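The values are calculated or read from the model by the stated rules, or taken from the named source; none is laboratory data. For clarity, every value in this text was computed on a predicted model and none was experimentally measured. With ideal geometry, Cβ positions are generated from the backbone for all residues, glycine too; neighbour counts draw on all protein chains shown. SASA here: full protein model, heavy atoms, side chains in, ligands and nucleic acids out. Shrake-Rupley method; radii C 1.70, N 1.55, O 1.52, S 1.80 Å.
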Amino acid sequence: MKIHECIIAGGGPAGLALALLLKRAGMEALVLERRPRPVKKACGGGLTPRALKLLPELALPLDIGQAFHTLEGNAPPRHVNRFTARLPVMAVNRRAIFQKSLEEAAERAGIQVLSAALTGAAHDGRVFSISTDRGDFSARRLVGADGAESRVRRIFGGMVPFRAKAIMVDEMAGRLGPDRVIFDGGAAPLGYGWIFPYGDGHANCGVYTVGGLPPGGLRPYLARYLKDRLGAEIAGLRVTGGAIPFGGYSLASAAPVLLLGDAGGFADPMTGEGVYHALYTARAAAGAILSGPPESSRARYEKKLRIFSANARFLAWLAPRAYRYPKRGGQLLSLKLLHGPITEGLIRGRNTASIAALYPYYLALSLFRPSLIEAKHLRCR
């Protein structure tokens, strides 16, 4: 039986980005994807400044959609913080279009993507034996990039400590601001609501929580949010969503398996963002795989992610506490001493954990250099 250099379970952003990076370095990877292409996932479609900053570094020719320069952050009762920046605050694209551009890049590079569902895996100390519904394979390296319910993670006794939840509707039209992205703190318990416009009169709209599901689930909160924000009724609309794992991962097995993106619990619980984490962990995995023997690739990968994983644990602690007081948070964000380092920092591509850890430094920067943003603070209703 042929022994592959690397098998990647999952053909989403993390898996295909890793395959592209390995291919560029001369290593062939076999990608297993159980879902029909283009791979569909319930997703808001937002790409944050740090994701936009990382894409050119990876030289991935992806369709990022439309960039927006105004961010509106609200808290009840409509305490408005509106930030307009010289840099994009977010790019928004339909997830299917973003995914298709990634799949087309993989196809042009000659990456083999097999339509197959992984059913089992084991490591004998030298190679992985991998079972799928399309046959058996062997590989020196196995990567789990197979999403929130990662089969690879479960096979090797892995777990993620926390799960956020989100539900959404797509292609919404109505009373929306086509020139800005909107976050409404408190639209769901321990969470927020969002409106991400595509720039053509339609938007993705949803609600998100880092807490346990409230009685009745999130659907009543989404219905209320759609009615309030867009004047729309939820009846008859297609609602999608799912769990968003965060806080990192642990593995019971010592096998040198690598977990990327959602499979490794690498989402940002403050925002629900996952694409940046998928791409970041793909880059770290490529470096770990290419820099030494297969049996020590996991140790190298986790070493590369040491600070990244510490950030993930810090945000897992911070997020439920921050979302407990949405009104107070909105009021505090109107203060220059906070929105300078926080909002400007996020727009410059920094992460929340580093801003919190180095707050005095970033505060000094925000006070002594020209502002990146124009801030407006309004109170209505």
Would you say residue 104 is among the charged types (D, E, K, R) and free of Cβ contacts under 8 Å to residues at least 60 places away in the same chain? yes
Looking at segment 48-64, is at least one residue out of contact with any Leu (no Cβ under 7 Å at 6 or more places or on another chain) and either in a strand (DSSP E or B) or under 30 Å from residue 2 (Cα atoms) (or both)? no
Got a number for residues in segment 91-132 being over 23 Å from the mean Cα position of the chain (by Cα), outside any strand (DSSP E or B) and farther than 24 Å from residue 255 by Cα? 5
Could you please let me know if residue 148 is open to solvent by 10 Å² or more (accessible area, probe 1.4 Å) and either of a type outside the set (S, T, N, Q) or free of Cβ contacts under 8 Å to residues at least 12 places away in the same chain (or both)? yes
Scanning segment 291-316 residue by residue, those out of contact with any Lys or Arg (no Cβ under 9 Å at 6 or more places or on another chain), touching a residue at least 40 places away in the same chain (Cβ under 8 Å) and farther than 13 Å from residue 143 by Cβ turn out to be 296, 299, 308, 309, 310, 311, 312, 313, 314, 315, 316
Just to verify a result, which residue in segment 355-367, among those that are in a helix (DSSP H, G or I), open to solvent by 30 Å² or more (accessible area, probe 1.4 Å) and of a type outside the set (Phe, Trp, Tyr), is farthest from residue 280 (Cα to Cα)? 367
Filter segment 274-306 for residues that are outside any helix (DSSP H, G or I) and over 19 Å from residue 246 (Cβ atoms); which is least open to solvent (accessible area, probe 1.4 Å)? 292
Taking segment 260-273, which residues are open to solvent by 10 Å² or more (accessible area, probe 1.4 Å) and acidic (Asp, Glu)? 262, 273
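Listed here are the residues, each with its yes/no results for (1) buried (at least 23 other Cβ atoms within 10 Å of the Cβ); (2) more than 17 Å from residue 171 (Cβ to Cβ).
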{"residue": "184", "(1), (2)": "yes, yes"}
{"residue": "191", "(1), (2)": "yes, yes"}
{"residue": "195", "(1), (2)": "yes, no"}
{"residue": "203", "(1), (2)": "yes, no"}
{"residue": "212", "(1), (2)": "no, yes"}
{"residue": "218", "(1), (2)": "yes, yes"}
{"residue": "224", "(1), (2)": "no, yes"}
Condition first: in a strand (DSSP E or B), at negative phi and surrounded by fewer than 18 Cβ atoms within 10 Å (Cβ to Cβ). Now tell me which residues in segment 133-145 satisfy that. 136, 138
Can you find even one residue in segment 69-84 that is under 18 Å from residue 143 (Cβ atoms) and either open to solvent by less than 10 Å² (accessible area, probe 1.4 Å) or outside any strand (DSSP E or B) (or both)? no
Among (1) at pLDDT 90 or above; (2) touching a Lys or Arg at 6+ places or on another chain (Cβ under 9 Å), residue 44 falls short only on (1)
Within the bounds of segment 226-242, is there any residue that is assigned to a helix (DSSP H, G or I) and without any contact (Cβ under 8 Å) to a residue 12 or more places away in the chain? yes
Of (1) crowded, with 17+ Cβ neighbours inside 10 Å; (2) of a type in the set (Gly, Ala, Ser); (3) under 30 Å from residue 257 (Cα atoms), residue 334 satisfies all except one. Which? (3)
Considering segment 133-150 alone, what residues qualify as being under 22 Å from the mean Cα position of the chain (by Cα), charged (D, E, K, R) and closer than 21 Å to residue 288 by Cα? 146
Residue under question is residue 276, and the condition is that it be touching a residue at least 40 places away in the same chain (Cβ under 8 Å), closer than 30 Å to residue 28 by Cα and not hydrophobic (A, V, I, L, M, F, W, C); does it hold? yes
Quick check on my filter: what residues within segment 104-128 are touching a helix residue (DSSP H, G or I) at 6+ places or on another chain (Cβ under 8 Å), closer than 23 Å to residue 51 by Cα and surrounded by fewer than 19 Cβ atoms within 10 Å (Cβ to Cβ)? 105, 109
Which one of these does residue 156 not meet: (1) at pLDDT below 95; (2) of a type outside the set (Gly, Ala, Ser); (3) open to solvent by less than 40 Å² (accessible area, probe 1.4 Å)? (1)
Going by the conditions given, is residue 170 within 20 Å of residue 91 (Cα to Cα) and either open to solvent by 20 Å² or more (accessible area, probe 1.4 Å) or in a loop (DSSP other than H, G, I, E, B) (or both)? yes
